[in-house]
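Computed from the coordinates by the stated procedures, all read-outs in this text should not be read as laboratory data. From a predicted model like this one, the values you see are computed outputs, not experimental measurements. No Cβ is skipped: glycine too gets one built from the backbone with ideal geometry, and neighbour counts run over all protein chains shown.
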């Protein structure tokens, strides 16, 4: 790893990130290279955004082609790249969600979903979950569990109650006459890849229907085939009123989207909620190419297969080091009994980039099109890093 200080970034950026000692200069497929031209296997993928790996040819070609034609087209005008993206999205959208709002990030998608829920219901309260992460903008922050994020801004956040993730009875106890919606991640990502028990999401949906409140599903990290289904909530057979997604949707180009029903969408009037960059032609070109690749090759099946193989490796790791391995598809984590920083250092020094999560969780979000050759290269690195005496 390079010992060179990142002087310009350290000097100019507000220090809001806990940076790893890596300067990444290029990437291809499942690999990235640092400033010293050292290759690493990328199991972080920009926190899940490089869902097809780095510089996937079909996406790169679509971006280059679009840059040569048109880079900007405001939403008040029609655009051919946006049309192609929407046509691709129509093939991926869950049944009943036939209206979309395009924005620039997952947090923006959550903000839009919250506004739709408030406008539709005439209420301003929400039920989210302990461990939830929905973003750090003021609206989305209202729904995010971590007190270290919330406390300085508590006075300006929307009223939110937090149910126990995996316990549907706690949801019913918190819904009241001021609840606009319940928002849930099918798999909690920032909490360390928490997979709910079977039946939980279905019970949450039934609770919402009985109470007459909207159900928002946050698929920002779990969607786009990562969990072995195109959308993670499909594992449970539920039908949300609103779905937020982004991250891997455009292979690393900034994008966010909200899908909802015609009924919910009808509450917004022209000009009520807009964004300058939403539906940008470059983002749309990248998004269409990404969606077409995921859908045409059914890459969620590869995620299920490769994820199952990785989980088998995790389950063989020494119990003296590992408390638990968990996940679904290629949305995976290993929780250690002691702080995971030594494991992170070993992985990095051996050539694999994971996502440090909390004090003792090693999260991994490989590209969903990763092949067996890369996986075979990664396995001994992982096994060595988690050895007690390594």
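Listed values, structure above:
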read-out	value
Estimated distance in nm for a label pair at residue 130 and residue 17, the labels positioned 7 Å out from Cα along Cα-to-Cβ	3.2
Of 19, 136, 202, the one that fluctuates the most in a GNM where the chain has Cα springs shorter than 10 Å	19
Distance from the range 18-90 to the range 198-261 (C-alpha centre basis), Å	23
Reciprocal of mean inverse Cα separation for the range 58-296 (Kirkwood radius, Å)	18.0
For the range 257-331: relative contact order, % (alpha-carbon pairs under 8 angstrom, 6 or more apart)	26
Over the chain, relative contact order from alpha-carbon pairs under 8 Å, at least 6 apart, %	22
MRE, 222 nm, helices only [DSSP H, n ≥ 4, -39500 (n - 2.57), over the chain, to nearest 500]	-10500 deg cm²/dmol
Gaussian network model of the chain, springs between alpha carbon atoms under 10 Å - residue of 287, 358, 106 with greatest fluctuation	358
Estimated distance in nm for a label pair at residue 297 and residue 202, the labels positioned 7 Å out from Cα along Cα-to-Cβ	3.3
Top of 156, 204, 182 by mean-square fluctuation, Gaussian network on the chain, Cα under 10 Å	156
Base-10 log of normalised Debye intensity for the range 74-154 (one unit scatterer per alpha-carbon) at q = 0.12, 0.25 Å⁻¹	-0.48, -1.22
Highest-first arrangement of 67-73, 346-352, 317-323, where packing means the average Cβ count within 10 Å	346-352, 317-323, 67-73
